[in-house]
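Right, one structure below, let's go through it.
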Amino acid sequence: MSKPRVGVQLIVFGERVQKDLPGVVKAVGEAGYDGMEIGMPADAQQVERFRSAVEGTGVAVMGAHSGFAQWDDPLVVAQRIKAVKALGGRFVITSGRFRSLEEYRQAARVMNEVGRSCQGEGVVFCYHNHAWEFEVMEDTKPIHLIAGETDPALVRLCPDVYWVDVGGEQPAEFISRYQKRCPTSHFKDGLGGEQYAEFRELGRGKMDLPAAMKAALACSPEWIVVEQDRSALEAGESCRISREYLRTLGV
């Protein structure tokens, strides 16, 4: 089984992504990452900005993430797919929060259509969970409704192991349940429970990351992505610590 490539979500760099993108890319490479997951570029100018920043660095763009707004607009979908492909990315990632099961069902229908468009263009569409999809609505957890109402061939999952845990399920069990749908996962650590907003570098929180990684690797993923919403440390140092921890897990 080949090892996945390892990336980092740029959210931990905050405003520096806008102010010093070349410096961010350099820090990602120096911390030992193969690539990065970015926010979805809004236009061709932003695509060129990212393309110029990574050119010649050896740091890949694995994909881009966007909230759920406008995925029902075919022109927007085409623009987002084009942006990811222009940067050499493989993954188009979304997340959302909805007020009812019917809204989740409607979102699932949209996701199937987006997934079909992505499949036709050779990229992979993934849904990224937060903790709220695990809150019971009418005896149903929305995350499992999403999985059940979407076509596994068109809509994959990008499990965020920390939010699965905060949501009340075991990340390893969740990933194993949807093993054939998890080509990438987000690895995140923190204090959990009522202190869920206290994020930590990998290995410095309360997550059972070895068990989650064992399950993730059983999916033969293309990428494992570190995501830390914020850190008390300098972002590059935070990334380095998390990367070193992943090496202890064989990644």
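The values are calculated or read from the model by the stated rules, or taken from the named source; none is laboratory data. Computed from a predicted model, the values in this text were never measured in an experiment. Here the Cβ is made from the backbone with ideal geometry for all residues, glycine too, and neighbour counts use every protein chain on show.
Under the condition of being of a type in the set (Gly, Ala, Ser) and closer than 25 Å to Leu75 by Cα, which residue from the stretch 16-51 is surrounded by the most Cβ atoms within 10 Å (Cβ to Cβ)? Reasoning before the result, please.
Filtering the stretch 16-51 down to residues of a type in the set (Gly, Ala, Ser) leaves 23, 27, 29, 31-32, 35, 39, 42, 44.
Filter once more, keeping what is closer than 25 Å to Leu75 by Cα: 39, 42, 44.
Working: Gly39: 15, Ala42: 12, Ala44: 12.
Out of the qualifying residues, it is Gly39.
Right, Arg105: closer than 30 Å to Gly193 by Cα, in a helix (DSSP H, G or I) and touching a residue at least 12 places away in the same chain (Cβ under 8 Å) or not?
Yes.
Can you name the residue in the stretch 134-151 that is in a loop (DSSP other than H, G, I, E, B) and out of contact with any Gly (no Cβ under 9 Å at 6 or more places or on another chain) and, of all such residues, is surrounded by the fewest Cβ atoms within 10 Å (Cβ to Cβ)?
Here the answer is Asp139.
Are there any pairs with C-beta distances below 6 angstrom linking a residue in the stretch 224-251 that is on the phi < 0 side of the Ramachandran plot to a residue that is surrounded by fewer than 18 Cβ atoms within 10 Å (Cβ to Cβ) and outside any helix (DSSP H, G or I), with the two at least 6 apart or on different chains, and if so which?
Ile224/Val251; Arg243/Gly32; Tyr245/Gly203
Check the stretch 183-193 and report whether any residue there is in contact (Cβ under 8 Å) with a residue 24 or more places away in the chain and aliphatic (A, V, I, L, M).
So far as the stretch 183-193 goes, no, none of its residues is in contact (Cβ under 8 Å) with a residue 24 or more places away in the chain and aliphatic (A, V, I, L, M).
So if I check each of Val61, Val77, which one is under 23 Å from Gly120 (Cβ atoms) and not in a helix (DSSP H, G or I)?
None of the others qualify; the one that does is Val61.
Look at the stretch 62-95 and say how many of its residues are out of contact with any helix residue (DSSP H, G or I) (no Cβ under 8 Å at 6 or more places or on another chain), surrounded by fewer than 17 Cβ atoms within 10 Å (Cβ to Cβ) and either hydrophobic (A, V, I, L, M, F, W, C) or touching a residue at least 60 places away in the same chain (Cβ under 8 Å) (or both).
Of the residues in the stretch 62-95, 3 are out of contact with any helix residue (DSSP H, G or I) (no Cβ under 8 Å at 6 or more places or on another chain), surrounded by fewer than 17 Cβ atoms within 10 Å (Cβ to Cβ) and either hydrophobic (A, V, I, L, M, F, W, C) or touching a residue at least 60 places away in the same chain (Cβ under 8 Å) (or both).
Evaluate the following for Thr140: is it among the hydroxyl-bearing types (Ser, Thr, Tyr) and within 19 Å of the chain's Cα centre (by Cα)?
It is false that Thr140 is among the hydroxyl-bearing types (Ser, Thr, Tyr) and within 19 Å of the chain's Cα centre (by Cα).
Restricting attention to the stretch 8-41, which residues are of a type outside the set (D, E, K, R), under 18 Å from the mean Cα position of the chain (by Cα) and part of a loop (DSSP other than H, G, I, E, B)?
Within the stretch 8-41, Gly14, Tyr33, Met40, Pro41 meet the criteria.
What pairs come out if I take residues in the stretch 110-122 that are closer than 12 Å to Pro152 by Cα and in contact (Cβ under 8 Å) with a residue 24 or more places away in the chain and pair them with residues that are hydrophobic (A, V, I, L, M, F, W, C) and assigned to a helix (DSSP H, G or I) whose C-beta lies under 8 Å away, six or more apart or interchain?
Going by the 8 Å Cβ cut-off, the qualifying pairs are Met111/Ile146.
Report yes if some residue within the stretch 164-179 is modelled with pLDDT of 95 or more and in contact with a Lys or Arg (Cβ under 7 Å, 6 or more places away or on another chain); otherwise report no.
yes
Working only within the stretch 1-15, note down all residues that are crowded, with 16+ Cβ neighbours inside 10 Å and of a type in the set (Lys, Arg).
Initially, the stretch 1-15 is screened for residues crowded, with 16+ Cβ neighbours inside 10 Å, giving 4-13.
Scanning the stretch 1-15 gives a single hit, Arg5.
Starting from residues that are in contact with a helix residue (DSSP H, G or I) (Cβ under 8 Å, 6 or more places away or on another chain) and closer than 18 Å to Ala69 by Cα, keep the ones in the stretch 114-131 and report whichever is surrounded by the fewest Cβ atoms within 10 Å (Cβ to Cβ).
Going through the stretch 114-131, the residues in contact with a helix residue (DSSP H, G or I) (Cβ under 8 Å, 6 or more places away or on another chain) turn out to be 114, 117-118, 121-125, 127, 129-131.
Imposing the further condition that a residue be closer than 18 Å to Ala69 by Cα reduces the set to 114, 117-118, 125, 127, 129-130.
On the way: Val114: 24, Ser117: 19, Cys118: 25, Phe125: 28, Tyr127: 25, Asn129: 23, His130: 16.
Looking at residues that are in contact with a helix residue (DSSP H, G or I) (Cβ under 8 Å, 6 or more places away or on another chain) and closer than 18 Å to Ala69 by Cα, I get His130.
Among the residues of the stretch 198-230, write down those that are under 18 Å from the mean Cα position of the chain (by Cα), closer than 16 Å to Val166 by Cα and outside any helix (DSSP H, G or I).
Selection gives Phe199, Arg200, Leu202, Met207, Glu227, Gln228, Asp229.
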